[in-house]
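Single-structure report; data block below.
The values are calculated or read from the model by the stated rules, or taken from the named source; none is laboratory data. A quick note: this is a predicted structure, and the numbers were derived from the prediction, not measured. Positions of Cβ are generated from backbone atoms using ideal geometry, with glycine treated the same way; all protein chains shown enter the neighbour counts. What goes into the accessible areas is simple: the full protein's heavy atoms, side chains included, and nothing from ligands, DNA or RNA. Shrake-Rupley method; radii C 1.70, N 1.55, O 1.52, S 1.80 Å.
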Amino acid sequence: MTGTAAAGLVVSSPLSWPRAEHARRGRYASPASAFHPDVSRAVESLQAEFREVDRALALNSARVSAAFRRAHVAPHHFGGSTGYGHDDGGGREALDSVFAQIVGAEAAIVRPQFFSGTHAIACALFALLRPGHELLAVAGPPYDTLEEVIGIRGSANVGSLKDFGVAYREVPLAADGGLDWDALANAVRPEIGCAFIQRSCGYSWRKSLSISDIQRAIDLIKMQNPNCMVMVDNCYGEFVETSEPPMVGADLIAGSLIKNPGGTIAPCGGYVAGKKDLVLAAAARLSAPGLGVEFGSTPGHVMRSLFQGLFLAPQMVGEAVKGGLLIAKVMSAKGYRVQPLPRVPRHDIVQAVELGNRERLIAFCEVVQQTCPVGSFIKPTAGETPGYASEVIFADGTFIDGSTSELSCDGPLRDPYAVFCQGGTHWTQWALVLSDVLKII
């Protein structure tokens with residue numbers, strides 16, 4: 001095998017094979033010939049970055065495999081359950097244990113009963129906050145779907161944090177789109193019950209946060225108030241780096257299983273992980289006080305998918321990261337603003353491209369939809385979506401409804417008309433999409 005050895009891993013790229021090698025392997029031409037020439041050149045230029053992604057992928061895969069072995073995962077864990085879920089054969093406990101080990105947490109609850117990442121985050125916030133507390137968002141405004149959970153948008157008396165007497169404040173971002181460290185150093189008051197860190201950019205044109213950023217923020221917060229709990233919205237960030245927020249001091253994290261940790265296979269669900277007492281409090285919010293983590297049935301095919309998706313997640317995330325690098329390289333070369341910039345290390349799987357107007361945003365999403373394996377004939381239409389403040393357009397012809405880890409893009413129909421791309425089971429999916437995008441922009 002030809003390739004570059006790094007950290008015990010041999011990487012062989014078909015793009016580096018000589019023509020004779022393609023012929024020997026039954027190939028008539030480089031796979032890059034399927035792409036627009038600009039995309040092919042971008043792929044060639046990103047081989048060093050792709051190898052770096054593979055190094056992180058190998059480390060994450062090793063950590064995941066070790067957690068499965070330590071938990072003695074076996075076929076009987078996939079059996080599922082009915083009714084109250086008392087007869088699940090230990091699957092819930094094993095899955096929770098595996099997940100907690102992977103992210104470096106004391107405990108975890110991983111359940112299909114979480115509707116979405118927003119639902120899991122809401123359970124975590126209600127576990128941490130009580131009347132009279134204040135919630136401090138340290139990375140600017142939260143994602144659109146959390147605004148009604150907090151109570152900064154939407155109707156009163158629907159059970160938001162505001163309805164329960166929890167105040168809200170946020171620390172604006174710095175001019176460069178990162179955390180405002182000077183402001184954060186003086187932001188934590190005694191009444192703050194929870195400091196909330198959103199790892200990914202959401203629909204904001206800002207930098208996603210690295211694990212080192214999160215660690216620095218936690219240290220600053222705890223220095224001012226050791227009793228202040230720190231909760232991280234971990235959506236889109238799992239397995240991008242080689243460590244997770246609980247490993248650097250986060251008290252609680254939450255996210256969705258139809259994003260990174262579901263490995264494109266989990267059909268539904270979410271998770272909360274962190275300190276054991278706080279996870280139990282979040283579980284009581286999902287179910288009811290006194291029921292905790294011991295209830296909840298899961299069909300067998302779903303339970304198996306949750307285990308298998310988690311096992312495959314590092315691989316799927318690695319391919320999504322490569323896709324993001326390629327989008328940034330191709331679109332920036334055409335003069336579009338991108339976030340993150342090309343070749344910059346990644347901290348989540350989201351790649352934003354500023355398209356400048358409504359027409360380009362819609363056209364981009366239409367191309368993505370047309371290249372999807374499911375619903376390619378459907379024309380995406382902008383409209384109102386529950387939880388979002390603006391009209392939003394989605395392109396997600398996925399096997400799992402809403403599975404942004406497969407291949408998808410979306411964006412709010414508001415200035416600066418940015419599209420947010422994520423997912424992809426292999427980087428070549430985005431290479432094919434971009435080859436068609438370049439025909440229309």
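So here's what we get for this one:
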{"read-out": "Gap separating the Cα centres of the stretch 49-65 and the stretch 383-441, nearest whole Å", "value": "26 Å"}
{"read-out": "Charge-dipole axis of the chain as Lys and Arg at +1 and Asp and Glu at -1 on Cβ define it, positive-most pick from Gly383, Met247, Cys123", "value": "Met247"}
{"read-out": "Within the accessible area of the chain (1.4 Å probe), percent carbon and sulfur", "value": "55 percent"}
{"read-out": "Exposure rank, largest accessible area first [Arg41, Arg343, Arg55; 1.4 Å]", "value": "Arg41, Arg343, Arg55"}
{"read-out": "Antiparallel %, DSSP beta bridges [both residues in the chain], to 5", "value": "65 percent"}
{"read-out": "Contact order normalised by residue count of the stretch 97-192, Cα under 8 Å, 6+ apart, percent", "value": "27 percent"}
{"read-out": "Label-point gap, in nm, between Asn227 and Glu359 - each point 7 angstrom along Cα→Cβ", "value": "6.0 nm"}
{"read-out": "Tilt relative to the chain, helix 117-128 - C-alpha long axis, 0 to 90 degrees, to 10", "value": "30 degrees"}
{"read-out": "Between helix 276-286 and the chain: long-axis angle, C-alpha atoms, 0 to 90°, nearest 10", "value": "90 degrees"}
{"read-out": "Surface accessible to a 1.4 Å probe, His86 within the full protein complex, Å²", "value": "120 Å²"}
{"read-out": "Net length gained if the chain between Val344 and Asp401 were fully extended (0.36 nm per residue, minus Cα distance)", "value": "17.5 nm"}
{"read-out": "Whether the stretch 129-177 is rounded, prolate or oblate, judged on the alpha carbon gyration tensor where a/c under 1.5 counts as rounded", "value": "oblate"}
{"read-out": "Residue-level accessible surface for Tyr168, protein heavy atoms, 1.4 Å, Å²", "value": "60 Å²"}
{"read-out": "Relative contact order computed over the chain (Cα-Cα under 8 Å; 6+ residues apart), in percent", "value": "17 percent"}
{"read-out": "Three-way shape call for the stretch 157-229 based on the alpha-carbon gyration tensor, with the a/c threshold at 1.5", "value": "oblate"}
{"read-out": "Stretch gain in nm, segment Asp176-Asp38, where the contour uses 0.36 nm per residue and the Cα spacing is subtracted", "value": "46.7 nm"}
{"read-out": "Accessible area, probe 1.4 Å, largest first, for residues Lys275, Lys322, Lys222, Lys439", "value": "Lys439, Lys275, Lys222, Lys322"}
{"read-out": "The stretch 71-310, accessible area per residue, ligands and nucleic acids excluded (1.4 Å, Å²)", "value": "38 Å²"}
{"read-out": "Nitroxide proxy distance, nm - points 7 Å out along Cα→Cβ at Ser390 and Lys276", "value": "4.6 nm"}
